[in-house]
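Structure first, commentary second.
None of the figures in this text is laboratory data; all of them are computed from the coordinates on show. Quick caveat: nothing in here was measured; it's all calculated off a predicted structure. No Cβ is skipped: glycine too gets one built from the backbone with ideal geometry, and neighbour counts run over all protein chains shown.
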Amino acid sequence: MQIKSEDYTILIVEDNPDDVLLIERAFHQCGIINPLRFVQNGEEAIAYLKGEGRFGDRAENPLPVLILLDLKMPRMDGFEFLTWLRNEPELKKLVVVVLTSSRENPDINRAYELGANSYLVKPVQFEELMRIVRELHLYWLILNEHPRVRE
């Protein structure tokens with residue numbers, strides 16, 4: 001069975017509505033057809049991954065193959081979410097790419113210590129965001145071999 005791009009859902013954990021709009025636009029302009037699901041903080045990301053509440057329909061909200069994670073969010077930040085995720089036996093192998101505005105070494109180091117697979121800084125220019133989206137798609141969704149999350 002061949003898996004197509006549209007079978008690979010991307011979960012984007014981002015609280016800034018402007019950034020959500022730009023990320024969604026960048027994926028669209030790059031012609032990337034992966035389903036995008038957006039949540040606003042770590043608590044919502046956990047509910048999504050557990051399939052709880054409004055995320056209970058797995059056909060509508062499938063487990064993602066990639067999580068794009070902002071770090072600085074209200075309620076539960078990206079660090080707390082990463083800590084939770086890497087302690088979940090059935091989910092800990094999910095690929096997490098941090099996409100945040102922080103260039104601070106303590107944030108970068110902590111994200112990797114908590115299990116981030118990659119750390120990217122949000123660009124200022126939209127064209128640069130499109131480049132990042134294309135490269136994310138190529139590497140993490142096409143070239144990279146995906147772990148089996150639930151076996």
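A few comments on the model shown:
- Highest-MSF residue in the chain out of GLN125, GLN29, GLN40 [GNM, Cα springs under 10 Å]: GLN125
- Inter-probe distance in nm under a simple model that places probes 7 Å from Cα toward Cβ, at LEU143 and GLN29: 2.3
- Segment 60-123: C-alpha gyration tensor shape, a/c 1.5 cut-off, then a/b vs b/c: prolate
- Proximal aspartates and glutamates to LYS50, defined as alpha-carbon separation beneath 15 angstrom and excluding residues fewer than eight positions away on the same chain: GLU60, GLU88, GLU90
- The helix-based estimate of mean residue ellipticity at 222 nm for the chain, built from -39,500 (n - 2.57) per DSSP H run of four or more residues and divided by its residue count, is -9500 deg cm²/dmol to the nearest 500.
- Amide H to amide H distances under 5 Å link MET73 with GLY78, where only residues 5 or more positions off or on other chains count and H is placed in the peptide plane.
- Prolate/oblate/rounded label for segment 100-151 (Cα gyration tensor, a/c 1.5): oblate
- Fewest-first sequence of GLU104, GLU24 by Cβ atoms within 10 Å of each Cβ: GLU104, GLU24
- With neighbour counts taken as other beta-carbon atoms within 10 Å, the residues VAL65, VAL96 rank, fewest first, as VAL65, VAL96.
- Listed by chain and number, the aspartates and glutamates whose C-alpha is less than 18 Å from the C-alpha of LYS122, apart from same-chain residues fewer than 8 away, are GLU14, ASP15, ASP18, ASP19, GLU24, ASP70, ASP77, GLU104, ASP107, GLU135.
- The calculated FRET efficiency for GLU52 paired with ARG103, based on their beta-carbon distance and R0 = 35 Å, is about 0.55.
- Max-minus-min Cα coordinates of the chain on each principal axis give 38, 32, 28 Å, with the largest extent listed first.
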